[in-house]
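Below is a structure I'd like to ask you about.
FYI, it's all coordinate maths here, none of it is from the lab. None of these values were measured; they are calculated from a predicted model. Counting neighbours? That spans all protein chains shown, and the Cβs are built from the backbone with ideal geometry, glycine included.
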Amino acid sequence: MSDLRDRFARLVSERRAYLNLTRDQLQAEGGPSDVTTAKIERGDVEQPTVSTFKKLDKGLRWTEGSAARAFIGDNPVPLEDVPGARPASPIVGADEDSVTLPLSVVIAISEIAKRYEKLHSSLTDAATAGQLQKVNEDLDLVVDRILRAWLIAQVESKMAQPGRMQVEPMVEMLIGDYLNRAAEPPTPEDARDLQYLRWLTGRPEDLDSATQKSFIAQWQSRQEKNR
C-alpha cells in the first residue's frame, strides 16, 4: 500500500468513527457502499472513482472536493469547520437559451449513461437490443457533448494560459478520464471541440497554424468575458 493510500484509508476510517457511523449508516447518509468503504479503509482501492469521492464528501460531511484532495495528500475540510457551509445541492440554473449544470449533475448524467449502457449490453433479446442500440448511441452522444462543453468551460475559466491547468483535482480526474475514453467524434464540430480541449490541457495534436490561431482567439475571447 502506498503512503498516500494508507493515509487516505486512515482519514476515512477516523472520520467515520468520529461521526459514529457504521459502514451501512455511512451508505445511508449518501456515502459509498459498505463494501467499497471497507476496501478504501483497507487501502485496497488504488484509484477511487469521481463518483466515490463525491459520495465520501457527502457521507463523511466534508466540503465538496475534500475527498479528492485528501487522496493526493491534502487535508479534508469538515463542514462543521466552515461557518454556514451546507452540502452542495444539485441545483440546475437556466436562462432563456441556456442551462447551467453543476459538477454533481454532470456526474449524475454520466453515471446514468453508463448504467444504461451496461443494461443494454446484458440484453439477450436480439431484436430489443438492436432497437436500443441506436437509443444508447444517441444518449452517449448527448452526454459526451454536455460533459465536453462543461470541461472546456472549467478549463477556460481557471487557467492563466493554455496548457497550464489549475483546476480542482476532481475536475482534472474527469478530464483525464474523458480524454482517455473519448470515442471518434461523429461530426467536424465535435472533432474541433475535442481538439480544442486537448490543446487547452497541454495534449495538442498536430495542428495547422490556422487551427492554432482560431484556438488562441477562442481562448482569449473567453478570458475577456471572464474579466
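With a 10 Å radius around each residue's Cβ, average the other Cβ atoms per peptide and rank 20-32, 54-66, 186-198, highest first. Write out the running numbers ahead of the final one.
On the way: 20-32: 16.8, 54-66: 23.0, 186-198: 15.2.
In decreasing order of mean packing, 20-32, 54-66, 186-198 become 54-66, 20-32, 186-198.
Under a 5 Å amide H to amide H cut-off, with H placed in plane at 1.01 Å, what residues pair with residue 62 once short-range neighbours are removed?
Answer set, sorted by chain and number: 79.
Right, something else. Give the residues of the stretch 55-73 whose amide nitrogen is closer than 14 Å to a point set 7 Å from the Cα of residue 7 in the direction of its Cβ.
67-73
Then there is this: Which aspartates and glutamates have a Cα less than 15 Å from the Cα of residue 225, not counting those fewer than 8 places away in the same chain?
The reachable aspartates and glutamates, counting only those whose Cα sits under 15 Å from residue 225, are 156.
Right, something else. Straight-line reach from residue 39: which lysines fall under 30 Å, measuring Cα to Cα and dropping same-chain residues less than 8 apart?
By straight Cα distance, residue 39 reaches 54, 55, 58, 114, 118.
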